[in-house]
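What follows is a single structure, written as structure tokens, with notes after it.
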Amino acid sequence: MFRNPLVAVLHFFVYAGFVIINLEILEIMIDGLAGTHRIFAPVLGPVYPVLIGCFEILAVLVAVSCAIFLIRRNILKLKRFISHDLDGWPRSDANYILITEIVLMLLFLTMNTADGVLQSRGAAHYTETGSFWVTGMFQPLFEGFSDSTLVGIERGAWWLHILGILAFLNYLPWSKHLHIILAFPNAYFARLEPNGKMENMPAIQQEVLYAMQPELAPTDASAAEVPKFGAKDVQDLTWKNLLDAFSCTECGRCSAACPATQTGKALSPRLIMMKTRDRAEAAGRGEADKTLLRDYITEEELRACTSCGACVQECPVSINPLDIIFQMRRHLVMEESSAPQEWTLMFSNIENNMAPWKSSPDERDAWIHA
């Protein structure tokens with residue numbers, strides 16, 4: 001992500017704001033339960049207004065960053081944000097979250113502005129903390145209101161802010177913004193091997209070994225477990241594949257870098273992850289009459305992949321769409337013997353001629369004498 005410094009810094013502001021400003025929620029909830037007001041102020045003393053001032057600066061940065069993200073999505077209309085991948089709810093989901101974050105930050109700042117004016121008037125229940133760094137500049141706008149009006153504004157903003165935060169936390173598991181929680185474990189469990197390295201299948205390696213050393217093959221046919229190749233449905237994928245799907249930010253960097261997507265093919269790595277997540281949720285609800293292969297992801301999408309690994313390289317949260325594509329293609333070829341004619345011819349040539357071409361190894365240097 002930091003290859004684009006502006007976007008990286010804006011994301012840093014939003015995430016830092018999400019984590020740090022929510023520390024203030026702890027005080028807000030204690031105040032609500034205990035009937036106190038700014039319970040940490042007497043404990044922290046002169047440090048308290050400094051912390052709140054930092055929170056306010058972060059709140060402004062979060063609001064500005066979210067506004068810029070909305071402009072990029074809806075006015076500048078960057079190509080990866082207007083893709084048909086996001087038609088319907090996914091596009092609305094991103095906009096709703098950005099608007100909600102802006103509203104929550106404005107409520108936080110409004111609450112502090114009204115609170116600061118009430119403190120300056122010596123209103124009961126409002127602990128004196130001194131003027132805050134950002135909202136102190138806007139207090140003159142509220143000076144004309146009566147104490148009762150200011151209390152109503154401050155309490156209203158307090159309630160809307162805390163209810164908004166709690167509603168957001170309940171909405172989070174249903175939104176693409178679940179990546180706020182899952183991005184870190186997903187990056188931690190990412191593969192450390194080079195992106196282009198493919199995972200070998202132990203069962204195939206074992207069959208090759210048996211072919212070359214028949215004496216090692218099990219004599220009891222019933223003892224030999226029939227291996228299952230590739231993946232047809234989400235139950236065949238690994239837990240890391242599913243974690244990838246639920247960590248997807250739907251940012252579209254993978255599809256923007258994908259040569260298949262950019263040349264008009266059916267494949268979109270972003271959509272592969274979104275469809276995998278949709279199928280996992282459907283399977284969790286007991287939907288057994290469909291499978292990930294064909295009902296969600298088509299053969300055309302899988303065969304359009306060039307295996308270049310650009311999608312893996314570009315993902316900011318270490319998602320690997322390529323592994324899911326590999327596993328589903330393995331199922332098609334090795335379980336269903338389903339492959340384009342060109343692939344089948346290549347497989348046959350490799351098996352018989354030890355090269356993708358039709359000529360035998362003895363004739364490879366024939367062109368020299370032509």
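What is the Å³ per residue value for the convex hull set by the Cα atoms of region 147-300?
It comes to 214 Å³ per residue, whole-number rounded.
Which values, in whole Å and largest first, are the semi-axes of the equivalent ellipsoid of region 291-370 obtained as the square root of 5 times each eigenvalue of the Cα gyration tensor?
33, 18, 9
How large, in percent, is the carbon and sulfur part of the accessible surface of region 273-365 at a probe radius of 1.4 Å?
48 percent
Highest first, please rank the peptides 204-216, 29-41, 271-283 by the mean number of other Cβ atoms sitting within 10 Å of their residues.
Those peptides, ordered most packed to least, come out 271-283, 29-41, 204-216.
At a 1.4 Å probe radius, which order do Thr263, Thr135 fall into by accessible area, largest first?
Reading off the accessible areas and sorting them downward yields Thr263, Thr135.
Just to be sure I understand the model, the point goes 7 Å from the Cα along the line to the Cβ. What's the resulting Ala34 to Asn95 distance in nm?
4.3 nm
Rg and Dmax of region 1-122, using alpha carbons, in Å: what are they?
When restricted to Cα atoms, region 1-122 yields Rg and Dmax of 17.7, 57 Å.
Mean 1/r over all different Cα pairs, inverted: what Kirkwood radius does region 270-334 give, in Å?
12.6 Å
Normalise the Cα radius of gyration of the chain by 2.2 N^0.38 Å (N = residues in it) and let me know the number.
1.38
Under 26 Å between alpha carbons, and skipping anything fewer than 8 positions from Lys197 in its own chain: which lysines qualify?
Lys228, Lys232, Lys240, Lys265, Lys275
If you bin every alpha carbon distance in region 206-285 into 5 Å steps from zero, what whole percent lands in each bin?
3, 12, 16, 14, 12, 10, 8, 9, 10, 5, 1
Considering the convex hull of the alpha carbon atoms of region 72-223, report its projected area averaged over all viewing directions, in nm², one decimal.
In nm², the orientation-averaged hull projection of region 72-223 is 18.9.
Helix 321-330 sits at what angle to the longest principal axis of the chain, using alpha carbons and giving 0 to 90 degrees rounded to 10?
30 degrees
Let me know the whole percent of all Cα-Cα pairs from region 25-85 that are separated by more than 17 Å.
61 percent
Quote the FRET efficiency, to the nearest 0.05, computed for Leu78 versus Glu128 with a Förster distance R0 of 41 Å and r equal to the Cβ-Cβ distance.
Calculated value: 0.30.
Sort by residue number and report every cysteine in the chain with no other cysteine beta carbon within a distance under 4.7 Å.
Cys54, Cys66, Cys248, Cys251, Cys258, Cys305, Cys308, Cys315
Give me the orientation-averaged projected area of the Cα convex hull of region 241-280, in nm², one decimal.
Result: a mean projected hull area of 2.7 nm².
What does the net charge come to around Ile28 if you take all other residues with beta carbon closer than 13 Å to its beta carbon, with K and R at +1 and D and E at -1?
With Lys, Arg at +1 and Asp, Glu at -1, the net is -3.
Working from Cα positions, state the angle (0 to 90°, nearest 10) between the long axis of helix 341-353 and the longest principal axis of the chain.
On a 0 to 90 degree scale, this one is about 50.
For the pair Val208/Lys358, report the inter-label distance in nm, with labels modelled 7 Å from Cα in the Cβ direction.
Here the answer is 2.7 nm between the modelled labels.
Got the relative contact order for region 276-370 handy, in percent, Cα pairs under 8 Å and 6 or more residues apart?
13 percent
What percent of all Cα-Cα pairs in region 210-369 falls into each 10 Å bin, going from 0 up to the bin containing the maximum distance?
Taking all Cα pairs of region 210-369, the binned fractions are 10, 29, 28, 20, 11, 2, 0 percent.
Over the chain, with the other protein chains present, what is the accessible area per residue in square angstrom, probe 1.4 angstrom?
55 Å²
If you rank Trp357, Trp159 by how much accessible surface each has, with a 1.4 Å probe, what is the order from largest down?
Trp357, Trp159
For region 76-186, what is the charge dipole size about the Cα centre, in debye to the nearest 20, if Lys and Arg each add +1 at the Cβ and Asp and Glu each add -1 at the Cβ?
In total the dipole reaches around 460 debye.
The values are calculated or read from the model by the stated rules, or taken from the named source; none is laboratory data. Predicted model, so just to flag it, every value in this text is computed and none were measured. So basically every Cβ, Gly included, is an ideal-geometry build from the backbone, and we count neighbours across all protein chains shown. For the accessible areas, the whole protein counts, side chains as well, though only heavy atoms, and no ligand, DNA or RNA atoms are used. Shrake-Rupley method; radii C 1.70, N 1.55, O 1.52, S 1.80 Å.
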